[in-house]
Amino acid sequence: MAGMTASPEQAPSLFAAPFWRVCAALLCVLLTTSLMNVVVFPRFDAVFTYARDVSVLANAATLIAVGLVATFRPPLLRMRALTAGCLVLLAVGSALLPAGLYAGSAVALTAAACALSIGRGWAIVMVGAAASRLEVRQAGACIALAFVAEYAVTALVWVIPAGVGTVLFALLPFATVALVWRLAQPVLQATECGEAPADFSVTQPSTFLPLASQLFVCLFLFRVAFGYSLRFGEVGGVPVSDFLGIVPVATVALYVLLSRRTFPADLLAQVSVLLVVAGFLVVSAGGAYAAVGSVTLLAAGNALFDMVAWLVLIAVAGRNPRAAVATFAWGRGVSGLGSTAGAALGVWSNDLFGAGSPAVDFVTGTLILVFVGYALIGLKHFSFAETIAGVTPVDQAVAKSSEQEFAERCHTLAERYGLSPRELEVFMMLARGRDRAYIQEQLVVSRNTVKAHVKHVYAKLDIHTHQDLIDLVEEERAESGRASERSAL
């Protein structure tokens, strides 16, 4: 996978403190999710079962909103204020949670769940921002260790007292923020103080992963499978144990840690699809062990894909820190929506399965059709490796030369590639490193017009990145120099 490894001379030691801090923070995030689903959410059912769904939706809506603001109006985000607000929400939620549970107050419980969920969402974005500062090979090792550790520790989650689990659920997000606060700050500040990703992607289109990217569609669909696996077969609100999912996760972890090869993102995604489809097939087969077998396969498939998702989001954010918050917030928000949809399907399937209704076959058949269809059609020309490689860093380079020489080269290229006079103007400003706002002001046109001109310039020059444009201008300069030398001889 291009760009997915770093040489030993370039990458810091895996034993450096930042690596272990990110690894510990990611483990806290994963354990918080396990505690939430195994210990905390089942306790909601005695008071107000829908509090769990409301909280997940609140988390998803908040993260999607942050992702949109970070994409189009990042100066509106005050990172220190957001982090402080995250801690306040976590504290308020931790205080209200016991009141909601023991007093049986649906309002207090829902408020507590939403506050904790929104606070955790921002903590996860901070983990992603901190992880984006690691080399990609380090990030792969970090993810592998965190996922294996989470499966191992989750075995204890099933046996600890509910009160202890609830306290840990409330405390772990604070530990997450404490672990990554300093590491995440440079990335968060780059977002707040930099140009909006939607703006710099106008003049440098490949620097930002579009919000409609196939990656985010994948995140949604696989989280549907995750939500389904949590609710299908549950007894008393407690999900079926999926501990056997540690086998494929541990296998991948050993491969990543012991091999010096690239993280097999595309292969893992394909294996994930197979496991998810197999999980849905087991549901339709019925039998005494249908729930256990289905949940194990679905959870294993989701865990492998979640590893891929974390790696891809970290790698993309690392290539363009100014878009890191937008990428992580949007990605996790879309994931939350998928989890909610999957959980609703899981509850429905529970009712149908318990009643012996043949409609459960229709539900699982539809899900199988969706996943297989998407794998065969939607992912036919999609590659996670190419998605990462296709995101180029925001380039600050400009073509350097005297104005006369620069103008002559640009005019020569414009004639060669058939640029219109207005496209030539845009081309020259791009070559000088001008951003979208500058071009829009100089030409007195709309943002969409600038975007259209840039798109036409890139298409006619047959280039994909701003660096390609700079290289083209510099190559013309070198060619002109060689031509002058030949004429002198």
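The values are calculated or read from the model by the stated rules, or taken from the named source; none is laboratory data. Every value quoted in this text rests on a predicted model; they were computed, and no experiment measured them. We place every Cβ from the backbone using ideal geometry, glycine too, and count neighbours over all the protein chains shown. Calculation scope for accessible area: heavy atoms of the full protein, side chains included, ligands and nucleic acids excluded. Shrake-Rupley method; radii C 1.70, N 1.55, O 1.52, S 1.80 Å.
Among Pro186, Ala155, Phe174, which residue has its Cα furthest toward the positive end of the charge dipole of the chain, with +1 on Lys/Arg Cβ and -1 on Asp/Glu Cβ?
Phe174
State to the nearest 20 debye the size of the charge dipole of the range 137-276 about its Cα centre, where the only charges are +1 on K and R beta carbons and -1 on D and E beta carbons.
The dipole magnitude comes to about 340 debye.
Let's see if you can work this out: charge +1 on each Lys and Arg Cβ, -1 on each Asp and Glu Cβ, no other charges. What is the dipole magnitude of the chain about its Cα centre, in debye to the nearest 20?
700 debye
Could you give me the percent of Cα pairs per 10 Å distance bin for the range 398-454, shortest bin first, beginning at zero and ending with the bin that holds the maximum distance?
For the range 398-454, the pair-distance distribution reads 23, 53, 23, 0.
Rounded to the nearest 0.05, what FRET efficiency is calculated for Leu258 and Ser420 with R0 set to 41 Å and r the Cβ-Cβ distance?
Once rounded, the FRET efficiency stands at 0.15.
Tell me, what % of the accessible area of the chain is carbon and sulfur with a 1.4 angstrom probe?
66 percent
Label points 7 Å out from Cα along the Cβ direction at Ser383 and Ala155: separation in nm?
About 3.9 nm separates the two model spin labels.
Just to be sure I understand the curve: with the Debye formula and one point per C-alpha of the range 46-107, what is log10 I(q)/I(0) at q = 0.18 Å⁻¹?
-0.79
Along the charge dipole of the chain, Cβ charges K/R +1 and D/E -1, which of Ile368, Ala144, Gly119 sits furthest on the positive end?
Final value for the positive-end residue is Gly119.
Give me the count of lysine pairs in the chain whose alpha carbons sit under 25 angstrom apart, restricted to pairs 8 or more positions apart or on different chains.
Pairs that pass both the separation and distance tests number 4.
Provide the gained length on full extension for the span Val92 to Ala452, in nm with one decimal, where the gain is 0.36 nm per separating residue minus the Cα-Cα distance.
So the chain would gain 124.8 nm between Val92 and Ala452.
Computed FRET efficiency, Cβ-Cβ of Ala99 and Phe362, R0 45 Å: what is it to the nearest 0.05?
Once the sixth-power term is evaluated, E becomes 0.60.
Find the relative contact order for the chain and round it to a whole percent, using C-alpha pairs within less than 8 Å whose residues are 6+ positions apart.
About 22 percent, as a whole number.
Rolling a 1.4 angstrom probe over the protein chains, ignoring ligands and nucleic acids, what is the accessible area of Glu408 in square angstrom, nearest 10?
100 Å²
With +1 on the Cβ of every Lys and Arg and -1 on the Cβ of every Asp and Glu, and nothing else charged, how large is the dipole of the range 125-202 about its Cα centre, in debye rounded to the nearest 20?
So the magnitude is around 280 debye.
Take each of the peptides 16-27, 251-262, 459-470, average the number of other beta-carbon atoms within 10 Å over its residues, and list them starting from the highest.
Sorting 16-27, 251-262, 459-470 by mean packing, highest first, produces 16-27, 459-470, 251-262.
So what's the back-of-envelope 222 nm ellipticity for the chain, counting only DSSP H runs of four-plus at -39500 (n - 2.57) apiece and dividing by all residues, rounded to 500?
Estimated from H runs of four or more residues: -25000 deg cm²/dmol.
Taking a probe of 1.4 Å, how large is the accessible area per residue of the range 155-198, in Å²?
For the range 155-198, the solvent-accessible area averages 43 Å² per residue.
Please work out how much length the chain gains when fully extended from Glu475 to Leu57, using 0.36 nm per residue of separation minus the C-alpha to C-alpha distance, in nm with one decimal.
145.3 nm
For the chain, compute Rg over Rh where Rg is the Cα radius of gyration and Rh is the Kirkwood radius from the inverse mean 1/r over Cα pairs.
Looking at the chain, the ratio lands at 1.04.
Using the membrane-span-like helix rule (whole DSSP H runs, Cα extent along the own axis of at least 20 Å, mean Kyte-Doolittle hydropathy at least -1.0), which helices of the chain qualify?
17-35, 51-72, 79-103, 106-131, 136-157, 162-193, 214-231, 265-285, 290-319, 324-354, 359-373, 447-461
Around Pro210, under 15 Å between beta carbons, what's the net of Lys plus Arg minus Asp minus Glu among the other residues?
With Lys, Arg at +1 and Asp, Glu at -1, the net is +1.
Residue farthest toward the positive end of the dipole of the chain, with Cβ of Lys/Arg at +1 and Asp/Glu at -1: which of Phe382, Thr449, Phe263?
Phe263
In nm, to one decimal, how far is the modelled label at Arg80 from the one at Ser402, with both set 7 Å along Cα→Cβ?
It is 4.9 nm.
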